[in-house]
Amino acid sequence: QVPPAESGGGSVQAGGSLRLSCAHSKFVAGALCLVWFRQAPGKEREAVASLYSYGTMADYAASVNGRFTISRDNANNLVYLQMDSLQPEDTGVYYCAQGPARVGGRPCVNPDPRLFGPWGQGTQVTVSS
């Protein structure tokens with residue numbers, strides 16, 4: 001139960017890009033979903049990108065679809081989030097976590113953050129207009 005370490009956040013202007021990195025101590029065999037979450041000020045934590053631990057499948061929240069790309073480096077237990085065309089509404093603290101697939105439906109769609117963890121400190125992303 002070692003929390004992951006997020007990095008790569010920063011402050012950018014709208015339209016800019018950032019690449020976040022998440023260093024896991026290991027990829028847990030039972031964790032089928034590798035997920036980036038974010039939490040905007042005053043809002044609940046929400047999933048923005050999910051990567052399946054098997055195959056090449058990935059899911060994205062509608063708000064970031066086409067702008068964010070999730071990927072991983074299996075050899076180094078890393079998960080990345082490439083964020084392009086950033087908008088002010090993307091502002092928030094970004095967290096990575098791994099956890100179980102949902103029962104029924106597409107396995108990693110809309111994962112419940114309450115079922116994921118452990119949680120690191122996250123990395124702040126601030127997008128100004």
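The values are calculated or read from the model by the stated rules, or taken from the named source; none is laboratory data. Computed from a predicted structure; not experimentally measured. As a convention, Cβ positions derive from the backbone with ideal geometry for all residues, glycine included, and neighbour counts pool all protein chains shown. Note: accessible area is taken over every heavy atom of the protein model, side chains too, but ligands, DNA and RNA are not part of it. Shrake-Rupley method; radii C 1.70, N 1.55, O 1.52, S 1.80 Å.
How big is the Rg/Rh ratio for the chain, C-alpha atoms only, Rh by Kirkwood, two decimals?
Ratio value, two decimals: 0.94.
Probing with 1.4 Å while keeping every protein chain in the model, the per residue accessible area of segment 1-60 equals 52 Å².
Ligands, DNA and RNA left out, the accessible area of segment 22-129 computed with a 1.4 Å probe is 50% carbon and sulfur.
Quick check for me: using +1 on Lys/Arg Cβ and -1 on Asp/Glu Cβ, what's the dipole size of the chain about its Cα centre, in debye to the nearest 20? Please list the in-between numbers first.
Working: 10 positive and 9 negative charges, 44 e Å.
In debye, rounded to 20, the chain gives about 220.
Computed from phi, the 3J(HN,Hα) profile of segment 54-64 under the Karplus parametrisation 6.51, -1.76, 1.60 (θ = phi - 60°) reads 10, x, 10, 6, 8, 10, 9, 5, 4, 5, 10 Hz, with x in place of Gly and Pro.
The relative contact order of the chain, computed from alpha carbon pairs under 8 Å that lie at least 6 residues apart in sequence, is 37 percent. For segment 112-129, the Karplus equation 6.51 cos²θ - 1.76 cosθ + 1.60, evaluated at θ = phi - 60°, returns couplings of 7, x, 5, 9, 10, x, x, 9, x, 7, x, 9, 7, 10, 10, 10, 9, 8 Hz by residue, with Gly and Pro reported as x.
If you add up the charges near ASP112, with Lys and Arg at +1 and Asp and Glu at -1, over every other residue whose beta carbon is less than 13 angstrom from its beta carbon, what do you get?
Numbers: positive: ARG45, ARG102, ARG114; negative: GLU44, GLU46.
Around ASP112, the surrounding residues sum to +1.
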